[in-house]
Amino acid sequence: MRESLINLRGRAVGLLELEFAKFLIKTPQSFNSLHLFPYYGNYVKLPSLEYRILHENGVVQPKKVAFVGSGPMPLTSFIMAIHHMKFTPFDNFDVDEAANGVARQLVVSDAELEKRMKFETCDMVNLKEKLSEYDCIFLAALVGLNKDEKLKILSHLRKYMKEGGILLVLSANGTRAFLYPAVEEHDLVGFELLSIFHPTNDVINSVLLVRKPVF
């Protein structure tokens with residue numbers, strides 16, 4: 001039952017973001033209305049938390065970043081690029097071309113950000129050598145909706161990321177994991193664990209930060 005609920009929640013979140021993104025596209029200066037999204041407050045808190053953890057571990061302004069599972073309204077990616085990594089190029093990956101198409105239309109309203117944002121449609125496990133281009137990769141919580149899928153993705157990233165590259169994994173802990181596929185420390189085989197953070201406020205997602213070792 002839990003896996004069915006996780007899948008249902010994933011679809012619901014995608015539809016909510018898609019419909020709201022379509023609404024924003026019709027408004028002048030779409031980025032000025034991002035705050036109208038129902039969970040915008042959480043989306044602001046999460047990138048701030050992620051950046052603080054990255055900063056504490058020596059990751060300040062990476063040269064190139066990938067966000068896997070960006071969706072139609074990639075708020076985390078947007079907020080990170082606008083407020084924290086102000087000069088970093090972001091490549092956003094999603095399996096849904098419709099979601100990417102809407103995201104591309106959204107970012108058009110910010111000329112500077114548009115230059116740094118790309119949206120590519122592909123299954124992450126089909127990315128290989130390209131993954132070695134990124135200093136830091138973000139893995140969204142709903143990429144890999146069951147344990148087997150998640151472990152397959154983590155193994156793929158470990159194989160193709162650059163040595164010394166940083167992976168930030170969003171997960172959930174305790175009762176919060178009921179609607180998210182949880183990632184545990186023992187799932188991160190082959191990575192160097194840098195930090196684990198489990199929030200106690202209204203932010204839902206846990207943050208696990210790891211590095212691919214340099215051999």
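The values are calculated or read from the model by the stated rules, or taken from the named source; none is laboratory data. Model, not experiment: these values are computed from the prediction. As a convention, Cβ positions derive from the backbone with ideal geometry for all residues, glycine included, and neighbour counts pool all protein chains shown. Accessible surface is based on the protein model in full, side chains and every heavy atom, while ligands, DNA and RNA are left aside. Shrake-Rupley method; radii C 1.70, N 1.55, O 1.52, S 1.80 Å.
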Output the strands (runs of 3 or more DSSP E) that fall wholly within the stretch 89-146 and possess 3 or more residues being within 10 Å of VAL68 (Cα to Cα) and without any contact (Cβ under 8 Å) to a residue 60 or more places away in the chain, or say none. 90-94
Yes/no for LYS152 being surrounded by fewer than 20 Cβ atoms within 10 Å (Cβ to Cβ), among the charged types (D, E, K, R) and part of a helix (DSSP H, G or I): yes
Of all residues in the stretch 28-61 being of a type in the set (Ser, Thr, Tyr), surrounded by 18 or more Cβ atoms within 10 Å (Cβ to Cβ) and under 14 Å from HIS83 (Cα atoms), which is modelled with the highest pLDDT? TYR51
Filter the stretch 89-119 for residues that are of a type in the set (Val, Ile, Thr) and buried (at least 17 other Cβ atoms within 10 Å of the Cβ); which is farthest from ALA12 (Cα to Cα)? VAL107
For the stretch 165-187, indicate whether the set of residues that are open to solvent by 10 Å² or more (accessible area, probe 1.4 Å) and in contact with an Asp or Glu (Cβ under 6 Å, 6 or more places away or on another chain) is non-empty. no
Hey, GLY58 hits all of (1) over 29 Å from GLU97 (Cβ atoms); (2) within 15 Å of the chain's Cα centre (by Cα) but one; which does it fall short on? (2)
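Conditions (1) over 25 Å from ARG52 (Cβ atoms); (2) under 16 Å from the mean Cα position of the chain (by Cα), marked per residue:
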site: LEU106; (1), (2): yes, no
site: GLU129; (1), (2): yes, no
site: ASP135; (1), (2): no, yes
site: ASN146; (1), (2): yes, no
site: SER171; (1), (2): no, yes
site: TYR180; (1), (2): no, yes
site: PRO199; (1), (2): no, no
site: ILE204; (1), (2): no, yes
List every residue pair whose Cβ atoms sit under 7 Å apart, with the two residues 6 or more apart in sequence or on different chains, where the first one lies in the stretch 1-20 and is over 15 Å from VAL143 (Cβ atoms) and modelled with pLDDT of 70 or more and the second, anywhere, is surrounded by 11 or more Cβ atoms within 10 Å (Cβ to Cβ) and β-branched (Val, Ile, Thr). LEU18/VAL102
Verdict on GLU133 being surrounded by fewer than 18 Cβ atoms within 10 Å (Cβ to Cβ), at pLDDT below 95 and of a type in the set (D, E, K, R): no
In the stretch 175-215, what residues are of a type in the set (Val, Ile, Thr) and free of Cβ contacts under 8 Å to residues at least 60 places away in the same chain? THR175, VAL183, VAL189, ILE196, THR200, VAL210, VAL214
